[in-house]
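Worksheet for the structure shown next.
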Amino acid sequence: VRSRKPNEAKRRNSPRVRPNNLCVLCGKIHMPIVKKREIEKLEQMSGEELKRFLDRLPERQQTISKMLDYIEDQLWDSECDDHLKHAMRFMMDNRLDFPKLTSWLNQNGGYCDCKVLEQIAPLWRVKFGDD
Ligand SMILES: [Zn+2]
């Protein structure tokens, strides 16, 4: 059984995106993020505000954590194709609400798999932990 989580060395190397929005893997410039994303405020949230955030999530917190782990694992072995290929795979395998989850990822800067790892996963994990 393959480990669900990448090891430490692997984690230090990711996400594979340069700060100027040029995707290292697909070589394209992804859409710049202009407005403040909800995920950026996550770290400061607590109490009622955090509860509202969780209520508005397109899926359960644990499911989204699993999806982030899954994408990270997949991107380690393959390249980002400038789409949410691995995210979609996870959604299909788990019969998740495709449009809802995709639009949530997009709103938070996750325009493709590697952007999900760059823009969402670190902020998510600061709040909810790494496992
Ligand atoms: Zn990409």
Which ones in region 75-87 are in a helix (DSSP H, G or I) and more than 28 Å from M45 (Cα to Cα)?
L75, W76, D77, K85, H86
Of all the residues that make up region 91-131, how many are assigned to a helix (DSSP H, G or I) and within 16 Å of the ligand (Cβ to nearest atom)?
13
Tally time: how many residues in region 77-90 are in contact (Cβ under 8 Å) with a residue 24 or more places away in the chain, surrounded by 13 or more Cβ atoms within 10 Å (Cβ to Cβ) and within 14 Å of the ligand (Cβ to nearest atom)?
8
With the requirement that a residue be under 21 Å from P99 (Cβ atoms), at pLDDT 95 or above and not in a helix (DSSP H, G or I), what does region 16-72 give you?
L57, P58, E59, R60
Residue check for S65: surrounded by fewer than 13 Cβ atoms within 10 Å (Cβ to Cβ), of a type in the set (S, T, N, Q) and more than 16 Å from the ligand (Cβ to nearest atom):
no
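The values are calculated or read from the model by the stated rules, or taken from the named source; none is laboratory data. Quick caveat: nothing in here was measured; it's all calculated off a predicted structure. Note: ideal-geometry Cβ built from the backbone for every residue, glycine included; neighbour counts use all protein chains shown.
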